[in-house]
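Report on the structure given below.
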Amino acid sequence: MNFNFFEVQRLGNIELISFLNEKHASAQTWEFFTELVDLVNEIENDDNILVAIFTGKGNHFSAGLDFNDFLNRFGNLIGNNSENLYEIIKMMQKGMNLLFDGNKIYIAAINGYCIGSGLDFISACDFRFCSSNAIFCLKETQLGIIADLGSLQRLPYIIGFSNTKKLALTSENIDSEIALKIGLVSEVFENKEKMISEVIKFSQNIAKNPKNAIFGSKKYINNLLKSTIFTQLDDIARFNANNLNLKNIKNNLPSIFKKES
């Protein structure tokens, strides 16, 4: 299958997948979310793939949600059609839930910005590595939004409840050194090229083991959290569908972009 948002390279039983839209720091458009579902299903159904690595094609992993794209597409639903908005949020959650709940091993190799829904994405992956220039941030609270794609549900089990609250409530940036210290990433590399090389080696170490043991180990670890996470994701989708404030989002967007420029 051909994708517009993803560039896929096969390396034996490993796939290296790059986020495109690099002119906009790989900001996630609606197309990202719809294609992600197809991409993960394709990986899950391919017996020859054991590990998938995700990275940013350009200088950044992901600047988060492309708000202009979403406001143009769905802004009229905010405050007017909560049921349709709920279904849209659930669709946006779907691909990330497939990563978390799938058999295959999914790894995030993070360069540059990993903001907002970028952090939602990596929290659904099995492993996270980054280059030294990586910056992480949950911007949703600054926009007047409760993050609804998985960060609040998964990060407490990765970095702890206190660190998750700090990220969510302050919307402050953290660098690669802090990310390593709190356990958000497993290792930091000096640059993107070194990171990709080492993550491929790490993936090969996983892939050399019997796949039933790989898939089963992931399944029974994630099953400890699955019910709670999926229930909370549904609850937060319903809450945001009923409570998102379009005026707050539009008013806060310019100040965020100004600070990031």
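Of the residues making up segment 88-97, not a single one is modelled with pLDDT of 95 or more, buried (at least 21 other Cβ atoms within 10 Å of the Cβ), outside any helix (DSSP H, G or I) and of a type outside the set (Lys, Arg). All conditions in (1) modelled with pLDDT of 95 or more; (2) outside any helix (DSSP H, G or I); (3) open to solvent by 30 Å² or more (accessible area, probe 1.4 Å); (4) within 29 Å of Ser171 (Cβ to Cβ) hold for Gln9, with the sole exception of (4). Of all the numbered requirements in (1) over 16 Å from the mean Cα position of the chain (by Cα); (2) modelled with pLDDT of 95 or more, Ile17 misses one, and that requirement is (1). Within segment 70-87, being farther than 13 Å from Thr29 by Cβ and either of a type in the set (D, E, K, R) or open to solvent by 30 Å² or more (accessible area, probe 1.4 Å) (or both) holds for Asn76, Gly79, Asn80, Asn81, Ser82, Glu83, Asn84, Glu87. Taking helices (runs of 4 or more DSSP H) as the structural unit, those lying wholly within segment 123-189 and holding at least 3 residues that are more than 17 Å from Phe239 (Cβ to Cβ) and open to solvent by 50 Å² or more (accessible area, probe 1.4 Å) correspond to 161-170, 176-182.
The values are calculated or read from the model by the stated rules, or taken from the named source; none is laboratory data. Everything numeric in this text was worked out from a predicted model, so none of it was measured. Backbone-built Cβ (ideal geometry, glycine too); neighbour counts: all protein chains shown. Calculation scope for accessible area: heavy atoms of the full protein, side chains included, ligands and nucleic acids excluded. Shrake-Rupley method; radii C 1.70, N 1.55, O 1.52, S 1.80 Å.
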